[in-house]
Amino acid sequence: MKQFSKLHRQIFAITTTLALITIVIISVCIASLLYTQGIDNAESVLRNKNRSVTTLIDGYVAPLRKAVEYTGSSASGVDHSRFREQETQEKILSLFEVLQNTIPNIHYIFSGYEDGSLLINDYTAPEGFNSTIRPWYLAAIKSNPLISEGVPYQDINSKKWLVSFGKTLLDADNNIVGVISIDAGMDAIVKALAIRDEKYPTIYNFVMDTEGKILIHPDETLPDTLHQEIFSHIPEEVNASGSLSYDDGDQKKLAHFNRIDELGWIVVTEVNLSDVRQPILETITSTLLMIVLGSLFTTWLMSYILSRHLILPLKKLQNRVQEITEGKDELDQYVFPNNEIGKISEAIEKLTEKALIQKNIELKDTNALLSTISHTDQLTSIANRRKMMEVLHAEVSRFQRKKRPFSVLMFDIDHFKRVNDTFGHEVGDQVLIELAQVVKATIRNTDTLGRWGGEEFVIVCPNTDKKMALNIAEKVFSAVHLHTFPMQINVTVSLGLSEFTANHSLESILVEIDQKMYRAKQGGRNQIKS
């Protein structure tokens, strides 16, 4: 029994030592992985929030800058070089009124001229007022011929944040005769900057200029001050965006920035590094604690099982061998207790069988996932072209066997390149996603919607003749027209449809609906050709 106890202690010591070494290695790897993932997740949150605010600002100021450009150009129908004439002044003020009614974000729109005069609706300049020395006038002169960078300021009366854009007015000889300026409200941008995050309470956004001067900040005491701590860490202008960390004296910060070159702004989103590290350290601690406790329990259990079910039979085997070597061969009286080893073998076999079954289940699930991925468009989550070809082949085969009618619709988004060029590919992708969702919700459950390529989509309608297909197409048109797409983009589609007949092949009907869709585009777009 003493020998058994000694062997038991040896097994326990060995398994415990191996377990502790394993725990240390696994703990270091897991802690490193969890920390890296936590920092990456925090940077991803900062990047997404920063991108969201930057996109909002871009979309917010774009119509304002276009209004400045339009008002100062000949396309507006106003010759600013004749600003002294009463008729011209009335035209200018009328144009200002139209723009203010059209773009609700405009608070003030006015023009100043080389003689110091000012044209603005519902306001009389004080005596001695001189436009040419005003900051907005000088900023536009400095930026000539471009639009001046956006200069935020707080209205002295309402205390609201406004931003000013100006552009020089030129005569026929390209001589400066004045400046057109628009002041717009920044309430939406200020609200977006002030939005907090539940996971990282200290996260916030602010805007500064290219010299490190804070323009807009959730803390109202900070605008018009320099932020040298972070500005010194921001790379040169070649980097449009990026992540960084810095120490502001009180806290270590993790931040992401985005440049808006047209405005001369840098949008920054930052968070206290301690705010990021705290949940990471809590996760690491709880995870490692579970690993240590689980490993120690497993070690003890393993030692106990080895002692009870493996070492005792081996000890009996040792005694049996010793008896044989000593000539004590009493085979009729001695039965070797090989049932324990047999049970271990049986348990291993069952575990192996269970593992194989589990692997087969996992392989089946993996194959199903791969099948889904191979038949699904990754952007819109609807059927891809490969899947649609399978559906079409199946419908053609069913038609040939049972003469059941089916129809095919093909449509694409009108002027989609213009959407990408104007609003960017991220907005274009969102338009594709929402269009797919709208159409999928409109068609029948038996119909199959798929992305054919780019902005082209195909709908296969089983048991559907041409008349029924036209009704489906009209519903799709109506749903698309009624849906509000990102950035208030007016999305229309051109659609062609055909019913499959005995005279068709798969290739010919695809060519036919493609030609009909093309004719819909040639006919002015936003229509159906059947």
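Considering only region 57-101, state which residues are among the aromatic types (Phe, Trp, Tyr) and within 23 Å of Leu263 (Cβ to Cβ).
Residues satisfying the conditions are Tyr60, Tyr70, Phe96.
Would you confirm, using the coordinates I've provided, whether Val458 is among the aliphatic types (A, V, I, L, M), modelled with pLDDT of 95 or more, within 21 Å of Gln527 (Cα to Cα) and in contact with a helix residue (DSSP H, G or I) (Cβ under 6 Å, 6 or more places away or on another chain)?
It is true that Val458 is among the aliphatic types (A, V, I, L, M), modelled with pLDDT of 95 or more, within 21 Å of Gln527 (Cα to Cα) and in contact with a helix residue (DSSP H, G or I) (Cβ under 6 Å, 6 or more places away or on another chain).
What's the number of the condition Met487 fails, among (1) aliphatic (A, V, I, L, M); (2) under 16 Å from Ala436 (Cβ atoms); (3) in a helix (DSSP H, G or I)?
Unmet for Met487, out of (1) aliphatic (A, V, I, L, M); (2) under 16 Å from Ala436 (Cβ atoms); (3) in a helix (DSSP H, G or I): (2).
Identify, please: which residue in region 252-270 is free of Cβ contacts under 8 Å to residues at least 40 places away in the same chain and open to solvent by 50 Å² or more (accessible area, probe 1.4 Å) and is, among those, nearest to Leu56 (Cα to Cα)?
So the residue we want is Asp261.
Take Asp248 and tell me if it is over 30 Å from Ser76 (Cα atoms), touching a helix residue (DSSP H, G or I) at 6+ places or on another chain (Cβ under 9 Å) and surrounded by fewer than 17 Cβ atoms within 10 Å (Cβ to Cβ).
yes
Looking at Arg65, Arg84, Arg51, which one is assigned to a loop (DSSP other than H, G, I, E, B), of a type outside the set (Phe, Trp, Tyr) and touching an Asp or Glu at 6+ places or on another chain (Cβ under 9 Å)?
Arg84
In region 98-121, which residues are within 25 Å of Trp265 (Cβ to Cβ), of a type in the set (Phe, Trp, Tyr) and open to solvent by less than 30 Å² (accessible area, probe 1.4 Å)?
Phe110
With the requirement that a residue be touching a residue at least 60 places away in the same chain (Cβ under 8 Å) and either in a helix (DSSP H, G or I) or open to solvent by less than 30 Å² (accessible area, probe 1.4 Å) (or both), what does region 122-168 give you?
Ile147, Gly150, Pro152, Val163, Phe165, Gly166, Lys167, Thr168, listed by residue number.
For region 440-477, which positions are small (Gly, Ala, Ser), within 18 Å of Leu392 (Cβ to Cβ) and out of contact with any Ser or Thr (no Cβ under 6 Å at 6 or more places or on another chain)?
Gly450, Gly453, Ala473
The values are calculated or read from the model by the stated rules, or taken from the named source; none is laboratory data. Since the model is a prediction, treat every value here as computed from it, not as a measurement. Cβ: placed from backbone, ideal geometry, glycine included. Neighbour counts: every protein chain shown. Only protein heavy atoms, including side chains, enter the accessible area calculation; ligands, DNA and RNA are left aside. Shrake-Rupley method; radii C 1.70, N 1.55, O 1.52, S 1.80 Å.
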